[in-house]
Amino acid sequence: MLAKEAMGEARRARRATLAGRTSRAAATIADVTTRQFLVRATAAAGHRLTRLSARLDHKPPAGAPTQSTGKTLAGDREIEWTWTLAHLRRDRGRVLDFGSGNGMMALGAAFAGHDVVAVDLEPEQYPFHPDRIEYVQGDLNELELEPQSFDQVINCSTVEHVGLAGRYGSPDDPDGDLRAMAKMARLLKPDGDMVLTIPVGRDAVHRPLHRIYGPERLPRLLEHWQVREEQYWAKPTDDRFEPVTREQALDEAGARSYYALALFVVVPR
Ligand SMILES: C[S@@+](CC[C@H](N)C(=O)[O-])C[C@H]1O[C@@H](n2cnc3c(N)ncnc32)[C@H](O)[C@@H]1O
């Protein structure tokens, strides 16, 4: 009798152990599945937000390949934004965010402790209420801003649009980009600098979307500026940006939905 009870007890214990293992395994699978689901959902949401943000900027869709090359602009915003944030001045100062758009760079500069003046042709549409950002709606070339009053200018993916009518409510002004660059050189204090990101490749104007700066117009754009730091990125192998030489970048055949990138820190001459 005692032996039978003991055997029954042992069977129950084995069943309980097996049941425990099964439910732990099920819980682990459920955890992993939930985690994977959350990771994927977050990544997908991030990707959708980036694409939405690009659409709001009226960028050509990053996923639309150029007909001849299959290259897209995917990744351009990430590179330009991170370059810009990485080159914000360390010492607190007054920063002009030229063409502030969705406000990410202005907010980054405010988080870094700067007092920011954000200028854009369009009304402010930030999805947040900033407290260290003064928003000024208007055309930079027409605004009255005090000379030598800024420590840094952020010019992230903006100057190539200036004066191309039909996209941002800009008046047609073929040399509006050159005038803006000359004006910003005057707005900086003597030790000020500008973080600049632009499309580069063979010279072209894709109205009303953007200019692409090449061997002809790039020197004109930088006429009043001296280059302190520079990097060039393009897609020579597949649809991913990688660092390339200046020569390679300026030889890229750009299009409405693809170009190489130039990333600069420049100071007035
Ligand atoms: C492609 S968005 C870039 C926005 C932001 N800098 C970024 O990197 O996400 C270009 C912005 O420049 C602004 N813009 C174009 N021409 C301008 C001008 N002449 N004066 C002020 N803003 C201008 C547009 O309204 C638009 O918001």
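The values are calculated or read from the model by the stated rules, or taken from the named source; none is laboratory data. Just so you know, these numbers come straight off a predicted model, no measurement behind them. Note that each Cβ is placed from the backbone with ideal geometry, even for glycine, and that neighbours are counted across all protein chains shown.
Worth a mention:
- For the range 183-196, the criterion of being within 22 Å of the chain's Cα centre (by Cα) and near the ligand (Cβ under 9 Å from one of its atoms) is met by no residue.
- Tally of residues being touching a residue at least 40 places away in the same chain (Cβ under 8 Å) and more than 19 Å from R167 (Cβ to Cβ) across the range 106-143: 2
- So R246, is it assigned by TED's automatic domain parsing to the domain that holds R89, surrounded by fewer than 22 Cβ atoms within 10 Å (Cβ to Cβ) and touching a strand residue (DSSP E or B) at 6+ places or on another chain (Cβ under 7 Å): yes
- Of the criteria (1) more than 9 Å from the ligand (Cβ to nearest atom); (2) of a type in the set (A, V, I, L, M, F, W, C); (3) not in a loop (DSSP other than H, G, I, E, B), which one V119 fails: (1)
- Qualifying residue in the range 87-98 (condition: farther than 22 Å from D191 by Cβ and not small (G, A, S)): no
- Residues (of a type in the set (F, W, Y), more than 14 Å from L96 (Cβ to Cβ) and either more than 7 Å from the ligand (Cβ to nearest atom) or assigned to a strand (DSSP E or B) (or both)) located in the range 134-174: none
- Restricting the range 78-116 to residues that are hydrophobic (A, V, I, L, M, F, W, C) and assigned to a loop (DSSP other than H, G, I, E, B), the residue that is nearest to the ligand (Cβ to nearest atom) is L88.
- Residue satisfying all of: in the range 228-269; among the β-branched types (V, I, T) and touching a residue at least 12 places away in the same chain (Cβ under 8 Å); farthest from G70 (Cα to Cα) among these: V267
- Flag if A118 is surrounded by fewer than 23 Cβ atoms within 10 Å (Cβ to Cβ) and not hydroxyl-bearing (S, T, Y): no
- Scan of the range 49-77 for residues that are within 17 Å of C156 (Cα to Cα) and either away from the ligand (no atom under 16 Å from the Cβ) or at pLDDT 95 or above (or both), ordered by number: L73, A74, G75, D76, R77
- Test: residue in the range 143-166 that is aromatic (F, W, Y), at pLDDT below 95 and assigned by TED's automatic domain parsing to the domain that holds R220: no
- In this structure, E230 qualifies as touching a Phe, Trp or Tyr at 6+ places or on another chain (Cβ under 6 Å) and charged (D, E, K, R).
- The strands (runs of 3 or more DSSP E) found wholly in the range 183-258 and carrying at least 1 residues that are small (G, A, S) occupy 188-200, 204-206, 225-234.
- Among the residues of the range 141-163, those identified as over 24 Å from D91 (Cα atoms) and more than 21 Å from the chain's Cα centre (by Cα) are N141, E142, L143, E144, G163.
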